[in-house]
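All remarks here apply to the structure that follows.
The values are calculated or read from the model by the stated rules, or taken from the named source; none is laboratory data. For clarity, every value in this text was computed on a predicted model and none was experimentally measured. Cβ atoms come from the backbone with ideal geometry, glycine included; neighbour counts cover every protein chain shown. Just the protein is used for accessible areas: all its heavy atoms, side chains included, with ligands, DNA and RNA removed. Shrake-Rupley method; radii C 1.70, N 1.55, O 1.52, S 1.80 Å.
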Amino acid sequence: ARQQPAAHPLAGADSAMQAGRFADAAVEYDAWLRAHPQSEHVLFALGVCYIQLGRPDNAVDMLRRYVRLVPNSSRGHALLGLSLLDGAATTDARTALEKALALDPREPLALETRARLALLDGEPATAVRLLKMLLEESSTKPPRSATPGASLASDDDNIRALLAEALIRGGDAPAAAAMLEQHLAADVHRPVPIHVLAAWAYVRSGDLRK
């Protein structure tokens with residue numbers, strides 16, 4: 001009888017991660033990493049797991065090790081920036097995100113996270129510029145495959161909500177209102193934050209008829 005090929009040693013961890021069972025995946029990845037400390041795949045995947053589990057310090061540790069091994073990974077630097085921002089290390093987060101965008105100016109996670117940081121810094125115009133690039137990119141590219149980190153990508157509703165907030169904070173509430181009105185016209189069953197932001201945009205633009 002023909003011998004069946006051996007299962008990949010990380011198949012269980014990868015499957016758990018794709019199913020959203022990040023704690024289970026992290027246990028298996030961590031055990032593998034102890035024996036293989038230079039595993040690029042596992043460092044990356046563990047970083048993503050720790051972000052999802054709300055453990056930014058652990059994520060930073062894994063992702064710093066990852067980008068030292070793979071310094072040209074724009075996604076790796078973007079994830080590092082996200083984990084640093086989650087841990088309130090805004091200066092280091094900015095550095096990591098700028099590195100990600102230098103490697104790939106259209107890296108989606110870097111664009112979104114850098115835009116969030118720009119809003120925190122009181123720079124809504126920068127956030128608007130980045131989010132418009134992100135919307136353009138998301139409209140021309142197919143969804144990312146089921147790889148580690150894909151689950152962190154924002155959907156169209158979240159991006160538009162963030163853009164609307166940036167427009168309003170930048171003094172262009174009418175543009176935010178027009179964008180969200182068109183967005184809701186395509187599908188009125190949008191998440192509640194979209195409707196709340198639309199109402200805020202109408203109020204700030206002086207249009208109380210909506």
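Of the accessible area of the chain, computed with a 1.4 Å probe over protein heavy atoms only, carbon and sulfur atoms account for 52 percent.
A Förster radius of 22 Å, combined with the Cβ-Cβ distance separating Asp155 from Leu53, puts the computed FRET efficiency at roughly 0.55. Summed over qualifying helices (DSSP H, 4 residues or more, each -39500 (n - 2.57)) and divided by its residue number, the chain shows a 222 nm mean residue ellipticity of -22500 deg cm²/dmol. Peptides 30-37, 196-203, 66-73, 55-62 ranked from most to least packed by the mean count of surrounding Cβ atoms within 10 Å: 55-62, 196-203, 66-73, 30-37.
First measure r as the distance between the Cβ atoms of Ala11 and Ala178, then evaluate 1/(1 + (r/R0)^6) with R0 = 41 Å and state the FRET efficiency to the nearest 0.05.
Values: r = 49 Å, r/R0 = 1.19.
Once rounded, the FRET efficiency stands at 0.25.
Counting charges near Val70 (Lys, Arg +1; Asp, Glu -1) among other residues having Cβ under 12 Å from its Cβ returns a value of +3.
Using a 1.4 Å probe, what is the accessible area per residue for the chain, in Å²? Intermediate results must be reported in sequence, preceding the final value.
Values: 11210 Å² over 210 residues.
With all protein chains present, the chain gives 53 Å² per residue.
Selection among His77, Leu53, Ala93 by position relative to the dipole of region 44-102 gives His77 as farthest towards the positive end (Cβ unit charges, Cα centre).
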